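To start, the structure itself, in structure tokens.
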Amino acid sequence: MDREAKKEAFRKYLESSGVLDTLTKVLVALYEENDKPSSAVEFVQQKLGGPSISDYEKLKAEKLDLQLKYNELLETHKETCRQLDELKNSKNGSGNNAC
């Protein structure tokens, strides 16, 4: 398939899936704004239903914080399991793993 045919097929795909119409509506809304936003990209993202850049950064920071807490809890769990195994082994001499 030559380059022009690929472009045309892609254009038809965008049109049939409603992407062109949606983008046109968002761009018209931006054009009609009396007070243009400082970030056109953020305006488009919000109109398309995505989080703002600041919301995205907050979510990213929250995810990182939660990942760190998860890692700490996982290590604590592993250590607790190890201690439990040691206690069981010292009481009855068997090698059953608790976790």
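A few remarks follow.
- Tallying residues that are more than 30 Å from residue 99 (Cβ to Cβ) and open to solvent by 70 Å² or more (accessible area, probe 1.4 Å) within the stretch 56-75 yields 5.
- If you go through the stretch 33-68 and keep only what is out of contact with any helix residue (DSSP H, G or I) (no Cβ under 6 Å at 6 or more places or on another chain) and β-branched (Val, Ile, Thr), you end up with just 41.
- Within the stretch 18-44, being of a type in the set (S, T, N, Q) and either open to solvent by 70 Å² or more (accessible area, probe 1.4 Å) or over 24 Å from the mean Cα position of the chain (by Cα) (or both) holds for 24, 34, 38.
The values are calculated or read from the model by the stated rules, or taken from the named source; none is laboratory data. Given the structure is predicted, the values throughout are model-derived calculations rather than measurements. Please note: Cβ atoms are built from the backbone with ideal geometry, for glycine as well, and neighbour counts cover all protein chains shown. The accessibility values were calculated without ligands, DNA or RNA, using every heavy atom of the protein model including side chains. Shrake-Rupley method; radii C 1.70, N 1.55, O 1.52, S 1.80 Å.
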